[in-house]
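Engineer: Starting off with a structure, shown below.
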Amino acid sequence: MKTIEEIYKPFNLSATRCYVAVFRIDIAGGYINLEHKLPSYVQNLKGIYISIDDRINPPTLVEGFISLNFNGQSSKIFRQTILSTYYSLNTSRPFPFDEQLVPNSYMQGYYQDFLSEKTVPYQLRVYLHYEPLTTLS
């Protein structure tokens, strides 16, 4: 039987490739639907990191909440409270998320903004750390 450490083996996310999806947030205090077509080379999703470039509020303030799903909602759902990463020197590491993605599928979900009108517009970035399933030789 595998131990917990073997099941949840740490993954070196700094050694993986990264794809960034950028969303412009223009409306404060509401729900924003997110949909982004992923390129075919993003196939084995290893980790997710979210950043927000809010320059007004302190980094300890909760900026919003994000919920993402992949493969037409047949994969695990990623949900996370988002803090500002603009002034934070000690940002968090990517969240491990080991999931196979269908080539050319969509990343879908929503973002709930908790900020005021003075913060918009700003950018929400979704960093997808991935490994390609096939390599070219």
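No value in this document is a laboratory result; all are computed from the given coordinates. These numbers come from a predicted model, not from an experiment.
Engineer: Pull up all non-local amide H partners of Tyr122: gap of 5 or more, or a different chain, and H-to-H distance under 5 Å with H placed in the peptide plane.
Structural biologist: For Tyr122, the qualifying residues are Ile25.
Engineer: Just to check I understand the Karplus step: with θ = phi - 60° and J = 6.51 cos²θ - 1.76 cosθ + 1.60, what whole-Hz values come out for the range 108-123, glycine and proline as x?
Structural biologist: 10, x, 8, 10, 9, 8, 10, 9, 9, 4, 6, 8, 7, x, 8, 10
Engineer: Any chance you could run the full-extension gain for Ile27 through Ser74? It's 0.36 nm times the residue separation minus the Cα-Cα distance, nm to one decimal.
Structural biologist: Full extension of this stretch gives 14.0 nm more.
Engineer: Amide H to amide H under 5 Å from Leu38: which residues, 5+ apart in sequence or cross-chain, H placed 1.01 Å off N in plane?
Structural biologist: Counting only residues 5 or more places away or on other chains, the set is Ser105, Tyr106, Met107.
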